[in-house]
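The values are calculated or read from the model by the stated rules, or taken from the named source; none is laboratory data. Just so it is clear, the model here is predicted, and its values are computed rather than measured. Note: ideal-geometry Cβ built from the backbone for every residue, glycine included; neighbour counts use all protein chains shown. Only protein heavy atoms, including side chains, enter the accessible area calculation; ligands, DNA and RNA are left aside. Shrake-Rupley method; radii C 1.70, N 1.55, O 1.52, S 1.80 Å.
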Amino acid sequence: MEVDTMIHSICANPATYQKYSWTLGDKFKKTAKSELREDEHIRAQGLAQMRDWIAKSSHIKKCRTDALFLLRFLRTKKYSIPQACAMLEKYLTVRQTNPAWFERLDIDDPEVEAIIDGGYIVPLLERDDHGRQVILSVAGNLDLTRVSSALLARVHILVQEVLADDEQSQICGYVHCVDDRELSMKLMGMWSLVDMKKMADCIQNGLPGRINGINLIGLPSTAATLLEFCVSLLSDKLRKRINVFRTVEDFAGKINRKILPKEYGGTVPMADMLAQFKERCRQKRAQLLALDEMHIELSKVPGHCPDSCRRDLDAGMIGSFRKLEVD
């Protein structure tokens, strides 16, 4: 897979914009048209309108305006320009207000590298049968004496940013698979209710990406209440995309087993997948670190309130729980 390693300009109003070229095959043109309403005209119009909005938004001081970056938002929002612009504004805001999560996305950071090396999270090398990028995380592969919730959030966002400019993933989406068989009370206790709400808000409103499935594997009964709370924070659309499997075998029966790590019945060892992902991180390292230079003037962001998450919880924000059926 060709990896975009360019360090993109963060000038919000450049004199010229880099020309976009379609690099995928006709199959994905059809998918983009049927699922996202995207064609050459809609895409060009969407990019032009977003760039014009950024240039005229005085509170956006520094921001990428290249096509791959803006297409993250346009494709997530199916070319609704107001929604795409709102998500970009939210993305810049959450990046700036949560630096412990979003800054220093660096594979050469020893703490980050240790989590990756341990096998906690890895994008699978091959897509599923629908062309979607599958991301596997394994709770049991964490050394809980060396992690914090902020560090785990940073690792997850590192993975998201490494994958975010891949056009096939932008079009076909992502499937998250979480092996929770060894999910412990200690790991669950690392996350405050405020941080869980903040993360749910980031995922749904600030991080572009078409999440088409969330597969939870072997979730212990001790996590049932926490799961209900987390699910209550999600939109109806995302709730319906959650699947709970009792065993790895149950899960493997619902996916092309060949794409899984060898440890889960596939052919490629987890260590090989991790090594290839780390190389991809290193190729994009300079690009990822340059994201820290983007800037939005928070005082001018409509409706921004730094204490909104805490206020919602203090007011009794619990939401309606949804019972999940186990496949």
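The table for this structure:
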{"quantity": "The chain: relative contact order as a whole-number percent, Cα under 8 Å and 6+ apart", "calculated": "23"}
{"quantity": "Region 32-144: relative contact order in percent, alpha carbon pairs under 8 Å with at least 6 residues between", "calculated": "16"}
{"quantity": "Carbon and sulfur %, accessible surface of region 188-288 computed with the full protein complex present, 1.4 Å", "calculated": "51"}
{"quantity": "Relative contact order %, region 109-174, counting alpha carbon pairs below 8 Å whose residues are six or more apart", "calculated": "37"}
{"quantity": "Rounded to 5, percent antiparallel among DSSP beta bridges of the chain", "calculated": "25"}
{"quantity": "Filtered GluC sites (Glu not before Pro), region 181-288: DSSP coil and at most 15 other beta carbons within 10 Å", "calculated": "182"}
{"quantity": "Anchor residue 62: aspartates and glutamates whose Cα lies under 19 Å away (excluding residues fewer than 8 positions away in-chain)", "calculated": "52, 89, 103, 161, 165, 292, 293, 297"}
{"quantity": "At 1.002 mPa s and 20 °C, Stokes diffusion of the chain via Kirkwood alpha-carbon radius, µm² per second", "calculated": "103"}
{"quantity": "Reciprocal of mean inverse Cα separation for region 153-272 (Kirkwood radius, Å)", "calculated": "15.8"}
{"quantity": "Sparse-neighbourhood loop sites, GluC sites (Glu not before Pro) in region 1-85 - DSSP loop, at most 12 other Cβ within 10 angstrom", "calculated": "2"}
{"quantity": "For the chain, accessible area per residue (1.4 Å probe, heavy atoms of protein chains only), Å²", "calculated": "48"}
{"quantity": "Excluding exposed DSSP-loop trypsin sites (Lys or Arg not before Pro) (at most 10 other C-beta within 10 Å), longest clean stretch of the chain", "calculated": "20-239"}
{"quantity": "Reachable aspartates and glutamates, given that their alpha-carbon falls under 13 Å from the alpha-carbon of residue 258 and they are not under 8 places away in the same chain", "calculated": "126, 128, 129"}
{"quantity": "Accessible heavy-atom area order of 31, 5, highest first, probe of 1.4 Å", "calculated": "5, 31"}
